[in-house]
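What follows is one structure encoded as structure tokens, with my remarks underneath.
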Amino acid sequence: MTCDKPVPAIDAESEPYWTGAREGRLMIQRCGRTGRCFLYSRRLAPGAEDADIRWIEAKGTGMVYSFTVCHAPAGPAFRDETPYVVVCVELDEGARIVSNLVTGDIDAVHIGQRVEVFFDRVSDDLTVPKFRPAG
Amino acid sequence: MSRSPVIVGVADAPTHERGRALPGATVLSIQRDAANEALAQAGLTMRDVDGLAVAGMWGMPGPGAMQPVLLTEYLGLEWPRYLDGTNVGGAAFVLHAGRAAEAIRSGQADVVLIVYGSLQKSQAARALGGRPAMFSNQWDIPAGLPLPVGAYAMAAQRHAHVYGSTRETLAEIAVATRAWAALNPAAAFREPMTVDDVLDARMIASPLGRYDCCLVTDGGGAVVMTTEERTRDLRTPPVHVLGHGASASHASIAHMPDMAKLEVAEQSSRAAYAMAGRGPAEIDLAMLYDSFTITVLMTLEALGLCGYGEGKEFVRGGRTGPGGAFPVNTNGGGLSYCHPGMYGLFTIIEACHQLWGIAGERQAEGVRTAICHGTGGVLSSGATLILSTENG
């Protein structure tokens, strides 16, 4: 099984996220000093030392911070899927993740909507955490 | 006063057929031609140039990674004393002008040339996908976020949620900008357009439709800066650089601190206003990078030209169009005039046209002080300039 869509260039700092996803766990980072959670970007833990930062497993629930319904695809690999929803989810722990919101009711998607993670195994090597309306 | 930084020449590259470069143009020749035209307007030549600033997407990977070096060679500059290749996206040239102002003030350079060129339309180089899924973009790209439009769309959605802006609000901006373009013979799209035309157009990434998005054109331009003292011998009256500022916040839209507020523009403009000793109330013209209609709405608010959430009233009923209370993007903007990919330089070019009073049919009344603001990436970076016919 291969993936015809762009795949993440996984690096040493993101590897725990993608490894966790393969194991069915949504991993985020938490600053031990401030208690704030974030993902990859250090923007939300200003001044934190590397040593303060730990990977933790998120509950996998959150709300739609913002979204867009894509009618023009991001390249040929997405052409057959339009319209599709790209979402910025704010997890209950506070971290933000850009992903897809997979739903049969695109018109009902709204900011503040409760969503939950599911794990889409797109290839043997890659599992992508995506979201669906919380059920 | 004597080394006070000023702009003395500007030029943009001619295009035809909806923004295509003239036959025979290369990405380097359009920059050279614009530079020569801007220098000639001032009464200077390439031999006077001792500082160079450039950014673009051309020549990469390859010599484009060192654009100031390649252009030094191509333009035949002799030992430039000042070089700037800072690339913060479309805001770059506004940032370049601010830094050039300080280089001129300090004596590091006497005549700085800022140039830009792109053949993205002729070369069909633009696509919504295909960017590498690296660093903080390793989430956005696999999700199929069309870039940059999808990121701006998410900001628009958030702005609508927080402040009650609507698709009609955004359409007002597209319509006012097109009305300015109708008065600019150099604009690629000049046909009149209505709010309904914008609302009925093909949806790209909700809530942004076709006419909420900037054009894809070729193009290029040049700006020449020097000292106020030098202008005594030159052809053009000086446009004074009173203040500047720049900042950045994020690379992925996921990490924009508040998706409904363009805080990076608030930061860069605060610095520019403070340096200029001017405030939003003293601005007569705003030239804002309009990559998308939402960019204008959020920039107006962030620059303090209105309060957060007041943008929808500020733009209502053609207020920013010809004959309106507050002129914005009088050249027709990236939405209707040209958008070669990194548009920031054109905000400066048109501000100077207006300040010199040579904008022809689209000349706005009583423009003495203008603000230029460039936005780069996905609302990622910002650079502000405050320009005036008066010094101090």
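The values are calculated or read from the model by the stated rules, or taken from the named source; none is laboratory data. Note that this is a predicted model, so its numbers are computed, not measured. In this analysis, Cβ positions are derived from the backbone assuming ideal geometry, glycine residues included, and neighbour counts consider all displayed protein chains. For accessibility, only protein heavy atoms count, side chains too; no ligands or nucleic acids. Shrake-Rupley method; radii C 1.70, N 1.55, O 1.52, S 1.80 Å.
Within segment A:3-15, residues that are at the interface with chain B (Cβ under 7 Å from one of its Cβ atoms) have Cβ atoms under 7 Å from residues that are surrounded by fewer than 13 Cβ atoms within 10 Å (Cβ to Cβ) and not small (Gly, Ala, Ser) in these pairs: A:ALA9/B:PRO132, counting only partners at least 6 apart in sequence or on another chain.
Out of the residues in segment A:116-130 that are under 10 Å from the mean Cα position of the chain (by Cα) and at the interface with chain B (Cβ under 10 Å from one of its Cβ atoms), state the one that is least open to solvent (accessible area, probe 1.4 Å). If we take residues in segment A:116-130 being under 10 Å from the mean Cα position of the chain (by Cα) and at the interface with chain B (Cβ under 10 Å from one of its Cβ atoms), then A:PRO129 is least open to solvent (accessible area, probe 1.4 Å). In segment A:1-34, of all residues being within 11 Å of A:GLU57 (Cβ to Cβ) and open to solvent by 50 Å² or more (accessible area, probe 1.4 Å), the one that is nearest to the chain's Cα centre (by Cα) corresponds to A:ARG25.
In segment B:355-369, of all residues being in a helix (DSSP H, G or I) and hydrophobic (A, V, I, L, M, F, W, C), the one that is nearest to B:SER252 (Cα to Cα) corresponds to B:LEU355. Scanning segment A:53-80 for residues that are at pLDDT below 95 and either within 17 Å of the chain's Cα centre (by Cα) or of a type in the set (Lys, Arg) (or both) returns A:ARG54, A:TRP55. Checked against (1) open to solvent by less than 50 Å² (accessible area, probe 1.4 Å); (2) in contact with a helix residue (DSSP H, G or I) (Cβ under 6 Å, 6 or more places away or on another chain); (3) not β-branched (Val, Ile, Thr), B:ARG202 meets all criteria but (1).
Only one residue in B:ALA40, B:ALA25 is over 30 Å from B:VAL264 (Cα atoms) and either surrounded by 19 or more Cβ atoms within 10 Å (Cβ to Cβ) or touching a Ser or Thr at 6+ places or on another chain (Cβ under 8 Å) (or both), so which one is that?
That would be B:ALA25, the only listed residue that is over 30 Å from B:VAL264 (Cα atoms) and either surrounded by 19 or more Cβ atoms within 10 Å (Cβ to Cβ) or touching a Ser or Thr at 6+ places or on another chain (Cβ under 8 Å) (or both).
For segment B:161-175, the count of residues that are more than 14 Å from chain A (Cβ to nearest Cβ), outside any helix (DSSP H, G or I) and of a type outside the set (Lys, Arg) is at least one. When B:CYS372, B:CYS306 are checked against the criterion of being surrounded by fewer than 24 Cβ atoms within 10 Å (Cβ to Cβ) and either in contact with a Gly (Cβ under 6 Å, 6 or more places away or on another chain) or not in a helix (DSSP H, G or I) (or both), B:CYS306 stands alone in meeting it.
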